[in-house]
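Colleague: Please see the structure below; I have some questions.
Every read-out reported here was derived from the displayed coordinates using simple, explicitly stated rules and does not represent laboratory data. These figures come from a predicted structure and were not determined experimentally. Cβ sites come from the backbone with ideal geometry, for glycine too, and all protein chains shown count toward neighbours.
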Amino acid sequence: MSQAALESAQGTADRDLVEDVVVKAKTSFYWAMRLLPAEKRQAMFAVYAFCRVVDDIADGDLPEAAKLRQLQGWREEIDRLYAGDARDPIARALIEPIRRFALAREDFIAMIDGMETDARGGLIAPPMAELELYCSRVAGAVGLLSVRIFGAPQQGRRELAHALGEAVQLTNVLRDLVEDADLGRLYLPREFLERHGVPIDSPQAALRHPQLAAACEDLVAVAERRFDEATALLAAMPRGPLRPARIILVVYRRLLQRLRQRGFVRIAEPVKLSKAEKLWLILRHGLF
């Protein structure tokens, strides 16, 4: 087999692998990504697979030192990727997206920075500024990679990625309060907890406090404001290329509404959108 044929076969195998990662993750946005043209779809699959693998390292069962070694390995792999010597199949699947969509190395590194925070045990009642930095790393950086692939215009692109990324991540914080506390994490901002007299040094004690709901409502207001900002930015951009961003916005905003309707007293009661509702939102905002 010729060298060109070998490289083509390897490229096909790498693309198949990243799509398998996406399918197995059962992400709500698989079908939103499927709506994209082939080259954009493959790029998003590769970005998602990278995010999935580093997130799995951070949230896995390995000791902290082993997690940090694996994340450092991915830092080195990103360096090799941009030097033209990628070895991991997920990294190799990123070669063409990086070339085609000018994806920035610092956004991949920012994602790893955020995962290192989680690998070290995560945050406990961080100051709002620290929470915003965490959101910009784990969600804003992914947003920047994504909107470049979608085709967002340069003007407003960074602001959109960070507004939508922060809104999504804050919604995740509010959804995952119990799960995070079980891991010793508490991502609610220190200022909001202290304002309502909620203890800041123990995630479990914070979740039992009668004023937890008031602190959560303060964070809901921040997330809603960031969704509003993202909505306004999207309205000023071409509709067609940014359909996937609109889908992400409406699905997560609906989830935030569901969380608010349930309230933050019965936080052990899970909140999620049904498959039918998510599909309806994807079809409504992805096709029309």
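Colleague: Picking from Pro210, Val168, Ile267, whose Cα lies most toward the positive end of the charge dipole for the range 122-288 (charges on Cβ: Lys, Arg +1; Asp, Glu -1)?
Modeller: Going by the Cα projections, it comes out as Val168.
Colleague: Let me ask something else. I need the peptides 51-59, 34-42 ranked by packing, meaning the mean over residues of other C-beta atoms within 10 angstrom, with the highest value on top. Provide the component values of the computation, followed by the final result.
Modeller: Details: 51-59: 18.6, 34-42: 15.7.
Put in order of decreasing packing, that is 51-59, 34-42.
Colleague: How do the peptides 244-252, 124-132 rank, highest first, by the average count of neighbouring beta carbon atoms within 10 Å per residue?
Modeller: Listed from highest to lowest mean packing, they are 244-252, 124-132.
Colleague: Rounded to a whole number, what is D in µm²/s for the range 1-104 from Stokes-Einstein with the Kirkwood radius over alpha-carbon pairs (10 °C, 1.306 mPa s)? Let's see the in-between values first.
Modeller: On the way: Rh = 14.6 Å.
The calculation lands on 109 µm²/s.
Colleague: Note down the magnitude of the dipole of the range 169-237 about its Cα centre, charges +1 on Lys and Arg C-beta and -1 on Asp and Glu C-beta and zero elsewhere, to the nearest 20 debye.
Modeller: On the way: 7 positive and 12 negative charges, 8 e Å.
It works out to roughly 40 debye.
Colleague: With +1 on each Lys and Arg Cβ and -1 on each Asp and Glu Cβ, and nothing else charged, work out how big the dipole of the chain is about its Cα centre, in Debye to the nearest 20. Don't skip to the end; give the middle numbers.
Modeller: Values: 41 positive and 40 negative charges, 263 e Å.
Computed charge dipole of the chain: roughly 1260 debye.
Colleague: For the range 73-193, give the magnitude of the charge dipole about the Cα centre (Cβ charges: +1 Lys/Arg, -1 Asp/Glu; no others), in debye to the nearest 20.
Modeller: On the way: 15 positive and 20 negative charges, 101 e Å.
So the dipole magnitude of the range 73-193 works out to roughly 480 debye.
Colleague: Below 8 Å, C-alpha to C-alpha, sequence gap of six or more: please give me the relative contact order for the range 50-136 in percent. If you can, show how the numbers build up before the last one.
Modeller: On the way: 54 pairs, mean separation 31.7, N = 87.
Relative contact order for the range 50-136 comes out at 36 percent.
Colleague: Taking 8 Å as the Cα distance limit and 6 or more residues as the minimum spacing, I'd like the relative contact order of the chain as a percentage.
Modeller: Details: 354 pairs, mean separation 47.7, N = 288.
Once normalised by length, the contact order is 17 percent.
Colleague: Please identify, among Ala161, Ala213, Ala268, the residue showing maximal mean-square fluctuation in a Gaussian network model of the chain using a 10 angstrom Cα cutoff.
Modeller: Comparing Ala161, Ala213, Ala268 in a Gaussian network model of the chain, the most mobile one is Ala268.
Colleague: In whole Hz and in residue order, list the ³J(HN,Hα) couplings for the range 107-114 that follow from phi through the Karplus curve 6.51 cos²θ - 1.76 cosθ + 1.60, θ = phi - 60°; x for Gly and Pro.
Modeller: Rounded to whole hertz, the list is 6, 5, 5, 4, 4, 5, 4, x.
Colleague: OK, next. Which far-off residues, 5 or more places away or on another chain, put their amide H under 5 Å from the one on Ile124, with H placed in the peptide plane?
Modeller: Amide H neighbours of Ile124, under 5 Å, 5+ apart: Leu186.
Colleague: Once you keep just the Cα pairs under 8 angstrom separated by 6 or more residues, what percentage relative contact order results for the range 1-152? Walk me through the numbers before you get to the answer.
Modeller: On the way: 136 pairs, mean separation 40.4, N = 152.
Relative contact order comes out at 27 percent.
Colleague: Sticking with this structure for a sec: Can you sort Val168, Val173, Val178 so the residue with the fewest Cβ neighbours within 10 Å comes first?
Modeller: On the way: Val168 27, Val173 22, Val178 14.
The order, fewest Cβ neighbours first, is Val178, Val173, Val168.
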